[in-house]
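Read through the structure below, which is laid out as structure tokens, and then see the notes.
The values are calculated or read from the model by the stated rules, or taken from the named source; none is laboratory data. Worth saying up front: this structure is predicted, and the values here are computed from it rather than measured. All Cβ positions, even for glycine, are placed from backbone atoms using ideal geometry, and neighbour counts span all protein chains on display. The area values use the complete protein model at the heavy-atom level, side chains included, leaving out ligands, DNA and RNA. Shrake-Rupley method; radii C 1.70, N 1.55, O 1.52, S 1.80 Å.
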Amino acid sequence: MQLYLTDDTKKRLMWALLAMAVVVLFMWPHAAWASESGGGLPYESYLTKIRQSATGPIAYAFAVVGIVVAGGALVMGGDLNGFARALLLLVLVASLLVGANAVLSSISGGGATIAAMIPAGGANAVGLA
């Protein structure tokens, strides 16, 4: 059995699908007008907290402890199976990365800074003073 659609039925079907699409659009306005939410993405605050936790003084202390413990276990470990050795190397590399970030930021003064460009007329020309 085959179903044949007339032109009138096709038009009604098209209008019904269009009406359903409009209803769906108005049912989820947060998806349609997401640009008016006021800026950043909803997960940015969580990522910022994770970044601050991974680069703070506590992370640096854990990195130093991790380097000492993993390095000592690799040197004095004796017979380690492949998994334990790979796990210790992973801890060592992660500790070196976190520790290097802390050391470099303490040496350089805290990361990259962008200097303000002041025109030839001085600060008063742009209303900074």
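Yes or no, residue by residue, for (1) part of a loop (DSSP other than H, G, I, E, B); (2) at pLDDT below 80; (3) within 24 Å of the chain's Cα centre (by Cα):
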site: Gly71; (1), (2), (3): no, no, no
site: Asp79; (1), (2), (3): yes, yes, no
site: Leu90; (1), (2), (3): no, no, yes
site: Val98; (1), (2), (3): no, yes, yes
site: Ile118; (1), (2), (3): yes, yes, no
site: Gly127; (1), (2), (3): yes, yes, no
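For residues in segment 38-60 being within 12 Å of Ala102 (Cβ to Cβ) and either open to solvent by 100 Å² or more (accessible area, probe 1.4 Å) or among the hydroxyl-bearing types (Ser, Thr, Tyr) (or both), which is modelled with the lowest pLDDT?
Thr55
May I ask you to list the residues in segment 40-58 that are under 18 Å from the mean Cα position of the chain (by Cα), in contact (Cβ under 8 Å) with a residue 12 or more places away in the chain and in a helix (DSSP H, G or I)?
If the condition is that a residue be under 18 Å from the mean Cα position of the chain (by Cα), in contact (Cβ under 8 Å) with a residue 12 or more places away in the chain and in a helix (DSSP H, G or I), then Ala54 is the only one that fits.
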